[in-house]
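The next block holds one structure in the form of C-alpha cells; read it before the comments.
Nothing in this text is a laboratory measurement; each read-out follows from the coordinates by a stated rule. Note that the structure is predicted; figures quoted are calculated from it, not measured. When we count neighbours, we look across all protein chains shown, and the Cβ atoms used for this are built from the backbone with ideal geometry, even at glycine.
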Amino acid sequence: MKTFSLICLLLLLANCQPPAKDNSGEFLALFLLTIPNPNCSQNTALMRVASVTGEGFTWETGYALGNNGKGDAYVLQKSGTAILWCLFYDQTPIETSGTTFAYLASEIFVGFSVQEPGSGFRPTTGALQSTFQRGRGQPVAFLSRLNPKTGGILNSTFLKASDSNGIATSFTINSLQLLGDRILVSAKSGFDAGTAEDSLDRGKVCGEGRSRQIELNLELTETVSINCL
C-alpha cells in the first residue's frame, strides 16, 4: 500500500510541472505558469469552435467548461484522430474561448475571446496592445502566433478599440488571413477614436458596431493599415 501511494504521489507531481521548454527555448504557453496541469488531452468535454488543417495536421480551438461553468480556452493539434498536444490557454474564473485560425506555410495564428480582465492571457514583449482595457466593453480579443509543433506562444497581443475618452469598447475577431509577412484581422468592434498610445489607430473613427480590417506585422507589435468597412 505504501509503494502504491508513493507511485500515485510521484505521478501527481509529474502532472504539476510548469510548462516545458521546446528546443528553441520558448515556454509552452508561457502565460500558463499558474495552471497546475495545462494538458487538456484527457478532457472529453472540449467544445470545438474552429479548426484548420495543413501539412497533414489539424488544429482545433474552442473552450471547455470549467468548474465554475465558464469556458476555458484551449488549442490542440491532431494527426488523424490522435491528439499530439492539447493545452489550456486560460483556466481562471474568466470566460474565454478560442474563436478562429489562420494557417499558411507553417505559420499559425489563433484568435481568442476574453470576457473580463483578470484572465491568464499575457501579451508578449512589445505587443501592440498590452492590457485588457482601461474601462468597459466586453469581450475583447487576444491574438496569438503559435509554434505549430508545440503550442508555444511566439507573439501575442490584446486587440480592442477605444472611444475618445480612452475607454475600451468591444472587439470580436470574425476571421484571420495570412498575407506573406502580415496578418489580416477582420473584426467587428466599437468605434476607435482614442488618443492613447495603445489605440489601434489614434483619431480614426469607425462607427460603433462597424466592421474593420486591420493588418499587423507577424510579431503583433504594430499595425500596417486599418480600414473601416
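Sort 112-122, 88-98, 51-61 by packing, meaning the average of other beta carbons within 10 Å per residue, with the highest value first.
Peptide ranking by packing, descending: 88-98, 112-122, 51-61.
For the pair Cys228/Met47, report the inter-label distance in nm, with labels modelled 7 Å from Cα in the Cβ direction.
3.4 nm
Sort 123-129, 143-149 by packing, meaning the average of other beta carbons within 10 Å per residue, with the highest value first.
143-149, 123-129
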